[in-house]
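Each remark here refers to the structure printed beneath this line.
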Amino acid sequence: HKPVCVFGINKYLPGDEVPTDSCEVCHCGTTVNTSTGFHNIQCTPMACNTTCQKGFSYEAVSGQCCGICVQKQCIYENEGHPNIISTVE
């Protein structure tokens with residue numbers, strides 16, 4: 001066997017990114033599966049940025065890997081002092 005990973009009908013070289021439909025980032029690894037002779041695909045969870053600006057909070061979005069920042073408060077500066085106004089839900 002050539003030093004490749006097989007995913008579906010496609011072949012990938014070690015180090016190549018392997019596109020998947022999951023919320024993971026996958027690459028063709030350097031370790032070999034002894035039963036198939038092909039390289040293993042290694043995946044890690046997709047890193048989502050959950051840090052939001054002041055006045056926003058992170059919320060999960062159904063059907064998507066990463067959520068979004070949703071505005072919860074308005075913040076404005078008045079002579080250097082922050083004033084916070086909560087949004088009405």
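Do you know which of the residues in region 1-34 that are in a loop (DSSP other than H, G, I, E, B) and β-branched (Val, Ile, Thr) is nearest to residue 64 (Cα to Cα)? Full working, then the answer.
Here is the first cut: in region 1-34, the ones in a loop (DSSP other than H, G, I, E, B) are 1-4, 8-9, 13-16, 19-23, 33-34.
Next, from what is left, pick out any that are β-branched (Val, Ile, Thr): 4, 9, 20, 34.
Details: 4: 30, 9: 26, 20: 14, 34: 35 Å.
My answer is 20.
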Strands (runs of 3 or more DSSP E) wholly inside region 35-84 containing at least 3 residues that are more than 22 Å from the chain's Cα centre (by Cα) and surrounded by 11 or more Cβ atoms within 10 Å (Cβ to Cβ): 73-78
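If we keep just the residues of region 14-34 that are farther than 30 Å from residue 61 by Cα and touching a strand residue (DSSP E or B) at 6+ places or on another chain (Cβ under 6 Å), which is surrounded by the most Cβ atoms within 10 Å (Cβ to Cβ)?
First, pick out the residues of region 14-34 that are farther than 30 Å from residue 61 by Cα: 14-15, 29-34.
Next cut, touching a strand residue (DSSP E or B) at 6+ places or on another chain (Cβ under 6 Å) only: 14, 29, 31-33.
Numbers: 14: 15, 29: 17, 31: 9, 32: 15, 33: 14.
Checking each candidate, the answer is 29.
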Within region 1-29, tally of residues that are at pLDDT 95 or above and among the polar types (S, T, N, Q): 1
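The values are calculated or read from the model by the stated rules, or taken from the named source; none is laboratory data. Just so it is clear, the model here is predicted, and its values are computed rather than measured. Cβ: placed from backbone, ideal geometry, glycine included. Neighbour counts: every protein chain shown.
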